[in-house]
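Colleague: What follows is a single structure, and I will ask about it in a moment.
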Amino acid sequence: MRHSRLCLAIVMLALVLLAMPEHVAYGHSPSMVLGGYFTVEETELLLRDMAARYPHLATLVDFGDSWERGEPDGAPGYDLLALRITSRRHPGPKPVFTLVAAIHANELAGPEVATRFASMLLAGYGVDPTLTWLLDGHEVVVVPIFNPDGRALAQPTRKSTSAWPDTTCRGVDLNRNFPYEWGAAAASPYPCSDTYLGPTPASEPETRAMMALLENLYATRATPPAGQPFPDETSGVLVSLHTYGDLVLWPWAHTSALAPNAPGLERLGRSIAARNGYSPKSAFALYPHAGRLDDWAYATLGVAAFTIEIGSVYPCSGHSAPFTCIDDLFWPQNRGALVYAALVASTPYTLAFGPTFDAASVTGDTANVTVSARASAVAGGVAAAELYIGEGPPYASTPLAMVAADGAFGGAVEEVRVTVPRELLAGDVRPLLIMRASSTTGAWGPFEARWAPAPDAPGPAYRLVLPLLAR
Ligand SMILES: [Zn+2]
């Protein structure tokens, strides 16, 4: 029975995908099975389809098995899947941004936001200049469903589905099972509890698989002595998507003591929250708990790790908000926040203190191209701005200095610009113009990119045709 339903669902999804133009399919038309939300099988099919359509950008990685898959008498279970997304322009290794969803299986919105993020990056490469630089200079890893066993139940549970002796209660709260400070704060020792932490740290195959994946992605770094921060040059950002509460949470969760990198974690958390409009706070300030993915990733690997709790306003609140909330609210809210979190992955603890651009434009004639932008400081004033042609660091050559339009840097907001002779743009069909600004506190901010206009664009043909089309 279960298999026939599964086959029917896959056939229906395949028909939907085949019947639609590509961009509509990647708008993730609602599933006909779960009130719009994709099933585990449909999500897996979508990931395989993305990898097949964008082989130059995406690789599907099977990083482990769910509990059921490893259990001889269990359900068929699932492969644990991650989509690794980066351009082949540079071989890497590159700074990594990881997006994880559905560690709590019944929190329905996360996987939908995560797959939209992956789709946006794949469709945006070569089209959107900043997303193009993001994938040239970084790697993005998306795990839409970390807990597929729990997700696959007719009534999804928060927990996984592993079985325990002497009880019919099933599963572990995987976000209480990670081995950093396991059991140090509110997590239940009872298998029937929704927050059961498991019999031992990292007892669950899903937990161990995620640890191995992240250790592989964020390798080659030393853990500092207890209480000491990871150095400023530490790379890596991780976001774990949950519902609900409209919150952005940073480590720690088990203690009110500040994490060693608290200034950077808090600054970045506040910058993410400024973009999705959520409330920023430490995870402990929400309530004490321990054994979280985020705390382990930060404590062990130095990754700047955050939980985003999506949704809070009726009807888009709770763990199973109406599916229309995804495209009407959750995805538009979080798109810019996730792009920003990915753009600071090279050095999150310093980039979060640097200025960002809230406007940028490029004009050109046959001799020159002029880049104009508005930089806004997060702290202090804007001290300088510079432009790289074609590539950002570490691949780029020397940047061009941008000047303050008012003649002097130092303001909280500065209009900046630079004029680039056309000959500097030769050698690339459509070079990227990649800018960044620094603050008076000494921090550079994340990059923003624009395309250099072609020498003849916008040509007379556009001006002639567009009014006709507008009728
Ligand atoms: Zn959760």
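The values are calculated or read from the model by the stated rules, or taken from the named source; none is laboratory data. These numbers were taken from a predicted model, which means no experiment stands behind them. Here Cβ is always computed from backbone atoms with ideal geometry, including for glycine, and neighbour counts include all displayed protein chains.
Colleague: Could you say whether any residue in the range 178-198 is within 16 Å of the ligand (Cβ to nearest atom), within 25 Å of the chain's Cα centre (by Cα) and in contact (Cβ under 8 Å) with a residue 24 or more places away in the chain?
Modeller: Looking for residues that are within 16 Å of the ligand (Cβ to nearest atom), within 25 Å of the chain's Cα centre (by Cα) and in contact (Cβ under 8 Å) with a residue 24 or more places away in the chain, one finds at least one in the range 178-198, hence yes.
Colleague: Another question, if that's okay. Residue by residue through the range 272-323, note down the ones that are away from the ligand (no atom under 16 Å from the Cβ) and either on the phi > 0 side of the Ramachandran plot or buried (at least 24 other Cβ atoms within 10 Å of the Cβ) (or both).
Modeller: Answer for the range 272-323, where residues must be away from the ligand (no atom under 16 Å from the Cβ) and either on the phi > 0 side of the Ramachandran plot or buried (at least 24 other Cβ atoms within 10 Å of the Cβ) (or both): Ile272, Gly277, Tyr298, Gly302, Val303, Ala304.
Colleague: Turning to a different aspect of this structure: Filter the range 51-79 down to the residues that are in contact with a Lys or Arg (Cβ under 9 Å, 6 or more places away or on another chain) and assigned to a strand (DSSP E or B) and list them by number.
Modeller: Ala58, Thr59, Leu60, Val61, Gly64, Asp79
Colleague: Shifting gears a bit: Could we say that Asp456 is at pLDDT below 95 and under 23 Å from Asp136 (Cβ atoms) here? Write out each step before concluding.
Modeller: Numbers: at pLDDT below 95: yes; under 23 Å from Asp136 (Cβ atoms): no.
So Asp456 does not fit the description; no.
Colleague: A further question on this structure: If the requirement is being under 20 Å from Ile272 (Cα atoms) and not assigned by TED's automatic domain parsing to the domain that holds Tyr125, which of these qualifies: Ala401, Ala412, Ala367?
Modeller: Working: Ala401 fails: under 20 Å from Ile272 (Cα atoms); Ala367 fails: under 20 Å from Ile272 (Cα atoms).
When all the criteria are applied, what remains is Ala412.
Colleague: While we're here: Scan the range 225-252 for residues that are away from the ligand (no atom under 16 Å from the Cβ) and either at pLDDT below 95 or in a loop (DSSP other than H, G, I, E, B) (or both) and report the count.
Modeller: Quick first cut of the range 225-252, residues away from the ligand (no atom under 16 Å from the Cβ) only: 225-237, 252.
Now restrict to residues that are either at pLDDT below 95 or in a loop (DSSP other than H, G, I, E, B) (or both): 225-236, 252.
Within the range 225-252, residues that are away from the ligand (no atom under 16 Å from the Cβ) and either at pLDDT below 95 or in a loop (DSSP other than H, G, I, E, B) (or both) number 13.
Colleague: Going by what's in this entry, would Ser119 be described as part of a helix (DSSP H, G or I), in contact (Cβ under 8 Å) with a residue 24 or more places away in the chain and either surrounded by fewer than 24 Cβ atoms within 10 Å (Cβ to Cβ) or assigned by TED's automatic domain parsing to the domain that holds Ser240 (or both)?
Modeller: Values: part of a helix (DSSP H, G or I): yes; in contact (Cβ under 8 Å) with a residue 24 or more places away in the chain: yes; either surrounded by fewer than 24 Cβ atoms within 10 Å (Cβ to Cβ) or assigned by TED's automatic domain parsing to the domain that holds Ser240 (or both): yes.
When the stated conditions are applied, Ser119 passes them.
Colleague: Please indicate, with yes or no, whether at least one residue in the range 378-391 is in a loop (DSSP other than H, G, I, E, B), farther than 30 Å from Glu309 by Cα and within 25 Å of the chain's Cα centre (by Cα).
Modeller: Yes; the residues of the range 378-391 include at least one that is in a loop (DSSP other than H, G, I, E, B), farther than 30 Å from Glu309 by Cα and within 25 Å of the chain's Cα centre (by Cα).
Colleague: Let me ask something else about it. Can you find a residue that is polar (S, T, N, Q), part of a loop (DSSP other than H, G, I, E, B) and touching a residue at least 12 places away in the same chain (Cβ under 8 Å) anywhere in the range 140-154?
Modeller: So the first thing to find is which residues in the range 140-154 are polar (S, T, N, Q), and the list is 147.
Right, trim to part of a loop (DSSP other than H, G, I, E, B) and you get 147.
After this cut, where a residue has to be touching a residue at least 12 places away in the same chain (Cβ under 8 Å) as well, the list is 147.
The answer is yes, given that some residue of the range 140-154 is polar (S, T, N, Q), part of a loop (DSSP other than H, G, I, E, B) and touching a residue at least 12 places away in the same chain (Cβ under 8 Å).
Rundown of residues vs (1) closer than 25 Å to Ala101 by Cα; (2) aliphatic (A, V, I, L, M), yes/no style:
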residue: Phe323; (1), (2): yes, no
residue: Asn334; (1), (2): yes, no
residue: Ala337; (1), (2): yes, yes
residue: Ala341; (1), (2): yes, yes
residue: Ala345; (1), (2): yes, yes
residue: Thr350; (1), (2): no, no
residue: Phe357; (1), (2): no, no
residue: Val371; (1), (2): no, yes
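Colleague: Among (1) under 29 Å from Leu343 (Cβ atoms); (2) out of contact with any strand residue (DSSP E or B) (no Cβ under 8 Å at 6 or more places or on another chain); (3) surrounded by 21 or more Cβ atoms within 10 Å (Cβ to Cβ), which single condition is Ile85 missing?
Modeller: Status for Ile85: all satisfied but (2).
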